[in-house]
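Asks: Dropping a structure here in structure tokens format, bear with me for questions.
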Amino acid sequence: MTRQEMVTTGLNAWQRRQFEYGSADCCQFVAHMIKSLGGPDYSKFVEYESESEAYEIIQQHGSLNEFVGSILGEPSADLQDGDPVLCVLPIVGEVMGVKLRDGVVCLVERGMIQLSNKYTVRGWAICHR
């Protein structure tokens, strides 16, 4: 299976899930995609049961960027499809997603959305180390 096929398979498997903090939010989505591409299972690092608990963990690290960085390590400019990225969206703020072609796919409360790369502020080359 090619990398593009693996990304498509991972996205299709996820699309059937409703957004819910603690089981189907942007951090679990990224962990799912990394694992779908044969990367490490990061799901144990994003375990919480509610929106308030998720935000408490983020606040303990200072920001979503710092929280994710504490798990994924140093960011990289060399990104491929499926690699995790941090985006900053108007009104929404920080959200995690994955690189896809010339854009990003993110999971937000209204569902999966595809965005321009202009919202990407950082990415991690996890899926091809």
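No lab work stands behind these numbers, since they all come straight from the coordinates. Because the structure is predicted, anything quoted here is derived from the model rather than measured.
Asks: With no solvent and one equal point scatterer placed on each C-alpha of region 21-120, evaluate the Debye formula and give log10 I(q)/I(0) for q = 0.15, 0.20 Å⁻¹, two decimals.
Replies: The calculated log intensity ratios at q = 0.15, 0.20 Å⁻¹ are -0.56, -1.05.
Asks: Relative contact order of region 3-123: what whole-number percent is it, with Cα pairs under 8 angstrom and at least 6 residues apart?
Replies: Here the relative contact order equals 24 percent.
Asks: Here's a follow-up. With θ set to phi - 60° and the Karplus curve 6.51 cos²θ - 1.76 cosθ + 1.60, what are the ³J(HN,Hα) couplings of region 31-44 in order, to the nearest whole Hz, using x for Gly and Pro?
Replies: So the Karplus estimates, Gly and Pro as x, are 4, 4, 5, 4, 5, 4, 8, x, x, x, 8, 8, 4, 5 Hz.
Asks: Once the piece of chain linking I113 and Y55 is laid out straight, how much longer is it, given 0.36 nm per residue of separation minus the C-alpha distance between them?
Replies: Between I113 and Y55, full extension yields an extra 18.7 nm.
Asks: Mind checking which aspartates and glutamates have their Cα closer than 18 Å to the Cα of K44? Skip sequence neighbours fewer than 8 apart in that chain.
Replies: Cα-Cα hits under 18 Å: E20, D25, E53, E56, E66.
Asks: Calculate, in nm to one decimal, what E5 and E66 gain on full extension: separation in residues at 0.36 nm each, minus their alpha carbon distance.
Replies: Result: 18.9 nm gained on full extension.
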